[in-house]
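Read the structure below first, then the notes.
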Amino acid sequence: MRIIIKPLVTEKMTAVTDKMNNRFGFIVRPDANKLEIKKEVEALYNVTVLDVNTIRYAGKSKARYTKAGLINGRTNAYKKAIVTLKEGDTIDFYSNI
């Protein structure tokens, strides 16, 4: 059962990684806890995890006007994990492209 859905590669997360070389972000399952996230990151990337911070985001309602009229929708709720690695460890998300 996979806990990590995908790595978080956005401008904001890249700025955090550039500022602190040992922090990386992941989108994880909403029911995952910090110990499960730590165990899976260590198993997948062969690194030592020092700390895990989690953030839950609620889905937001969106509306837009089109020729057909008003269309209402909702963005997905998700959970983000920011993982702090041991000094010297790193994760290369672009190695298998």
Step through the residues of region 15-22 one at a time and calculate ³J(HN,Hα) from phi using the Karplus curve (6.51 cos²θ - 1.76 cosθ + 1.60, θ = phi - 60°), rounding each to whole Hz and writing x for Gly and Pro. 5, 5, 5, 5, 6, 10, 5, 10
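At 222 nm, what helix-only mean residue ellipticity would the chain give, in deg cm²/dmol to the nearest 500, using -39500 (n - 2.57) for each DSSP H run of four or more?
On the way: 2 runs with 21 residues, N = 97.
So the calculated ellipticity at 222 nm is -6500 deg cm²/dmol.
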XL table 19/60; 6/62; 19/39; 6/80; 60/80; 12/39; Cα-Cα > 19 Å flagged, in table order, is 19/60; 6/62; 19/39; 12/39
Report ³J(HN,Hα) in whole Hz for each residue of region 69-81, in order, from the Karplus equation J = 6.51 cos²θ - 1.76 cosθ + 1.60 where θ = phi - 60°; Gly and Pro get x. x, 7, 10, 9, x, 9, 7, 6, 7, 8, 10, 10, 10
For region 34-97, give the magnitude of the charge dipole about the Cα centre (Cβ charges: +1 Lys/Arg, -1 Asp/Glu; no others), in debye to the nearest 20. 780
GNM top mover of 32, 81, 63 - the chain, alpha-carbon springs below 10 Å: 63
Theoretical FRET efficiency, 1/(1+(r/R0)^6), r = Cβ-Cβ of residue 46 and residue 75, R0 41 Å, to 0.05: 0.75
Taking every alpha carbon pair in the chain, what does the distance histogram look like in 5 angstrom bins from 0, in percent? 2, 12, 21, 21, 15, 9, 7, 5, 4, 2, 1
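Every number here is computed from the coordinates shown, using simple stated rules; none is lab data. Note that the structure is a prediction, hence the values are computed from the model and not measured. Because the Cβ atoms are built from the backbone with ideal geometry, glycine has one as well, and the counts that use them run over all protein chains shown.
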